[in-house]
Amino acid sequence: MRTWQFWILVITFLLVASEGLTIVSKAVQYGLHFHFTLVVAVAAALGSSIMAGLGKFVSGVVSDRIGVIRTLIIFYALSGIFTLLSILFGVIRNEIGFVVSVALAILTWASIYTVNPAAVGYFYGEVASGNNYGLLYAIAKGSGAIYGGVLTAIMIGALGWINTMVISGLFGIIAALLAIPLLWRVPKPPRKAS
């Protein structure tokens with residue numbers, strides 16, 4: 001908690017958790033807002049569920065190849081971009097584009113469950129990794145769930161679906177930009193106790 005890197009991880013995790021949980025918790029209603037059939041709306045929800053599982057695996061493989069922080073930045077940005085594309089496909093009533101963009105938004109969003117524990121270990125070593133990640137998870141995922149569930153319901157009523165989803169999509173892009181400084185200065189992990 002004493003380093004700026006930890007707080008960047010908390011803020012970016014919170015933003016991306018909020019974005020993804022907005023889609024996960026409201027995928028069917030989101031599709032119905034654009035007057036897609038119930039089948040299309042359910043396909044978007046089902047696709048996002050499948051992609052949530054696959055996204056953890058894919059982001060792990062990618063992070064092994066290009067590094068944890070680069071993966072975090074790329075996947076956060078892509079999650080935001082795909083969320084924004086889902087709005088575009090909804091507005092132009094492109095069913096396939098909508099289902100695919102929602103699924104890809106969730107595939108890239110699911111990286112939070114792979115890259116954040118790895119990033120905590122990367123910055124702070126294995127000694128206190130469980131405690132540090134537990135704190136990060138509790139703060140960011142808990143707050144993200146409140147945003148993705150309760151606050152977005154209020155926002156949809158006040159601002160409408162499109163504005164609410166634009167805000168959520170921008171969360172992913174902002175998180176990616178905020179994470180860039182993590183590439184610049186990596187602390188040495190603490191030594192293991194002998």
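The values are calculated or read from the model by the stated rules, or taken from the named source; none is laboratory data. Fair warning: this is a prediction, and the values are worked out from it, not measured in the lab. Cβ sites come from the backbone with ideal geometry, for glycine too, and all protein chains shown count toward neighbours. What goes into the accessible areas is simple: the full protein's heavy atoms, side chains included, and nothing from ligands, DNA or RNA. Shrake-Rupley method; radii C 1.70, N 1.55, O 1.52, S 1.80 Å.
Listing for the model above:
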| quantity | calculated |
| --- | --- |
| Extension gain (nm, one decimal) between residue 38 and residue 91, 0.36 nm per residue minus Cα-Cα | 17.4 nm |
| Hz values of 3J(HN,Hα) by residue in the range 13-22 - Karplus curve (6.51, -1.76, 1.60), Gly and Pro given as x | 4, 4, 4, 6, 4, 4, 4, x, 5, 5 |
| Inter-label distance for residue 131 and residue 61, nm, one decimal - labels placed 7 Å from Cα along Cα-to-Cβ | 3.7 |
| List 89, 6, ordered by accessible area with a 1.4 Å probe, largest first | 89, 6 |
| Nearest 10 degrees, 0 to 90: helix 95-109 Cα axis against the chain principal axis | 20 |
| Rg and Dmax [Cα atoms of the range 36-194; Å; Rg one decimal, Dmax integer] | 17.2, 61 |
| Whole-number accessible area per residue in Å² for the range 1-135, which is evaluated in the context of all protein chains at 1.4 Å | 43 |
| Acute angle (nearest 10 degrees) that the helix 68-91 long axis makes with the longest principal axis of the chain, alpha-carbon atoms | 10 |
| Exposed trypsin sites (Lys or Arg not before Pro) absent: longest stretch of the chain, with sites in DSSP loops and at most 15 other Cβ within 10 Å deemed exposed | 94-184 |
| nm² value of the averaged projected area, convex hull over the Cα atoms of the range 16-55 | 2.7 |
| For the range 1-83: Kirkwood Rh in Å [reciprocal of mean 1/r, alpha carbons] | 14.3 |
